[in-house]
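Every read-out reported here was derived from the displayed coordinates using simple, explicitly stated rules and does not represent laboratory data. Remember, it's a predicted structure, so these values are computed and weren't measured experimentally. Here Cβ is always computed from backbone atoms with ideal geometry, including for glycine, and neighbour counts include all displayed protein chains.
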Amino acid sequence: MSESHPLIHVKGLTKVYKMGDVDVSALRGVDLTVRRGEFIAVVGPSGSGKSTLFYILGGLAAATAGNVIVDGRDLTKMTDAERTRIRRELVGFVFQRYNLLPTLSALDNIGMAQYIAGRSASSDGWFEEILDLLGVGHRLHHKPRSLSGGEQQRVAIARAIVNHPALLLADEPTGNLDTENSDNVLKLLADLNERKGQTILMITHNPEAAAYAHRIVHMRDGRIVHP
Amino acid sequence: MAGGTGASSLINKLVIENLKHRWVRTVLSAAAVGVQVTMILTLVGLSYGTLEDLGRRSRGAGADILIRPPGSSIIGLTTAPIPEKLLDFIAKLPYVTVTTGTAVYPIGGTNTVTGIDLASFTRMSGGFKYLAGGPFQEPDDVIVDEYWARQNRLRIGSTTTFMNRQWRVCGIVAQGKLARLFVPLKLLQELSANTGKLTVIYVKVDDPADTQAAMTAIRKALPDYQIYSIEEFASQFTVNNVPGLRAFIYVVIGVSIVVGFLVVFLSMYTAVLERTREIGILKSLGATSALILGILVRETVVLALFGSAAGILLTYGTRWAIMNYVPGSLTQIIVPDWWPVATLVAMAGSLLGALYPGWKAARQDAIEALSYE
Ligand SMILES: Nc1ncnc2c1ncn2[C@@H]1O[C@H](COP(=O)(O)OP(=O)(O)O)[C@@H](O)[C@H]1O
Ligand SMILES: [Mg+2]
């Protein structure tokens, strides 16, 4: 893909959840363009469709209608298996609830992402670099439950970026953290963006968190709005 | 390598950690699988053990030929309808050196008591090897073999009751000669109202090479009777020749598969339910359905293998228990030939049980599991 093309190009995206007889319109025509290397904060009230947008961009859910191009690939026409590949190769997710595998050590959680992506522990020094960034040190051999929330979230970020994803999607990554841990996590994200050029989309409710981003996208009722 | 676990073994590690995480469920499921394996191996071990024992004891009588009444079957009991006077008649036939007759009487369960004429039986078999005590002295004396003595906790002088009579143990003998429980022939004939009648006649010939010739002679003299060489007779004690036994073994195997299926189904089903989030995480990392199914299959295989190993070990326990606590002439042997069969049966039931939970896990919606609520 040429670097001049935007990493994400979304046009007229809609998403309808079918719940029995009821249809829930989570997205009602989203247009969004994101260039490589951007750090964007997505803000908006609860239920405005922020998470749904992330799930579609990250290949976890299928769009109902519209166009979604990520890194030159059209996600709208993909089968489940093709979307699985997208999750493996193109994106990294970070969630509010960390979502580490509880029975594996921090290190093995990161290793599992590599294993699933079909990469062996890389020889390019990236793995070591990530571990340095984490600053979790010897606690890497501990299971998630003996790590603090801040540590768990940093491990989750490491897991999300270990396969060099084109796009990092963070859904309220500091939602469960106190101020100090939030700052650490946000600094880590900003650092990744600045030093590695990592493209990041981050959902947040916190204006201080949003201030770390280059650009803020507002959502309301399933649309992007310009206040 | 960055100090982490090697990539290929990471899945195995996850499998083992998952099993350890819910170790009570793991142990119980493996135990249930083990019980089915023991069930199969004990039944098969008892069938083969008991039949082999019957064959070995028949050979141990020292006879070359065996004569049974007309119309009798090899396995299955007929009480004594052969007239005793045939003993002398047969003894005069060519090649024949010794004849002895026995009466066999059922005493409950699969157990029988055998009446012997000690003098001619000794000539035929070379005599009992007494481990304790000696031959019949009193009218109510009984000789038992070591196995029977151990199962029934009998010593010399102990009393034991069957045929509505109290008997006294006068001798304990090495096993392998015809039966496990012996009383004097005359007495048994009287007690069973079969005076002068025999169940089986055993014949010894001058040279085993003459067995066929002797059989021909006997057959000519007694055309209605069933005449077998001892080898022919002993080799008939097989699972196939016991009516319904093979079918019964198959039924138990079938039940085992069903039980394994149910146990593993429930175990894996609850595992999948409680791991919706973990499954969602794996999916968000790009895990394929095959990978997620593979994790459950590996867990199931480990469960079935541990269960089978436990089940195999447990058969040593059932053998010991049957030997020591189950009075009767049943003998259980350890049947290593059947270990792979029982393991495969356990594996089959378990994998069938993992199928639906695995399918459910692979199809699960990742978003619902990962959302914050
Ligand atoms: N899996 C789902 N099934 C049905 N409705 C859903 C599902 N996920 C979200 N929704 C609905 O879609 C709308 C948008 O939800 P979401 O994308 O989670 O918003 P946000 O992340 O901004 O809070 C809400 O009305 C929500 O109830
Ligand atoms: Mg949300």
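Tabulated data
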{"quantity": "Volume per residue of the C-alpha convex hull in chain B, rounded to whole Å³", "calculated": "193"}
{"quantity": "³J(HN,Hα), Karplus 6.51/-1.76/1.60, whole Hz, each residue of the stretch B:110-122, x for Gly, Pro", "calculated": "9, 8, 9, 10, 10, x, 10, 8, 4, 5, 6, 5, 5"}
{"quantity": "Label-point separation in nm, A:ASP21 to B:ASP337, each point 7 Å along Cα→Cβ", "calculated": "6.6"}
{"quantity": "Entries in A:LYS11/A:LYS187; A:LYS77/A:LYS196; B:LYS85/B:LYS129; A:LYS143/B:LYS20; A:LYS11/B:LYS283 that, when Cα-Cα distance is taken, lie over 21 Å", "calculated": "A:LYS11/A:LYS187; A:LYS77/A:LYS196; B:LYS85/B:LYS129; A:LYS11/B:LYS283"}
{"quantity": "Average silhouette area of the stretch B:146-219, convex hull of alpha-carbon atoms, in square nanometres", "calculated": "7.0"}
{"quantity": "Charge context of A:ALA209, other residues only, Cβ under 10 angstrom, K/R +1, D/E -1", "calculated": "-3"}
{"quantity": "Loop GluC sites (Glu not before Pro), the stretch A:1-88, which have at most 12 other Cβ atoms in a 10 Å radius of their Cβ (DSSP)", "calculated": "A:GLU3"}
{"quantity": "Fewest-first ranking of B:ILE107, B:ILE16, using other Cβ atoms within 10 Å as the exposure measure", "calculated": "B:ILE107, B:ILE16"}
{"quantity": "Virtual spin-label span in nm between A:HIS138 and B:ALA193, 7 Å along Cα→Cβ", "calculated": "9.0"}
{"quantity": "P(r) tail fraction, the protein assembly as shown - alpha-carbon pairs more than 37 Å apart, %", "calculated": "55"}
{"quantity": "Per-residue Cβ neighbour rank within 10 angstrom, fewest leading, B:TYR325, B:TYR228", "calculated": "B:TYR325, B:TYR228"}
{"quantity": "Cα shape, the stretch B:112-256, gyration tensor, a/c 1.5 rule", "calculated": "oblate"}
{"quantity": "Set of aspartates and glutamates near A:LYS18 by C-alpha distance (under 14 Å), chain-local residues within fewer than 8 positions excluded", "calculated": "B:ASP365, B:GLU368"}
{"quantity": "Spin-label pair B:ARG56/A:ILE216, simplified geometry with 7 Å Cα→Cβ offset, distance in nm", "calculated": "8.9"}
{"quantity": "Chain lengthening between A:GLU82 and A:ALA62 when straightened (0.36 nm per residue, less Cα-Cα)", "calculated": "6.1 nm"}
{"quantity": "Footprinting exposure proxy for B:ASP117, B:ASP207 (fewest neighbouring C-beta atoms within 10 Å first)", "calculated": "B:ASP207, B:ASP117"}
{"quantity": "Trypsin sites (Lys or Arg not before Pro) restricted to DSSP loop in the stretch B:163-213 with at most 13 other C-beta within 10 Å", "calculated": "none"}
{"quantity": "Mean shadow area of chain A, taken as a quarter of the surface of its Cα convex hull (nm²)", "calculated": "12.8"}
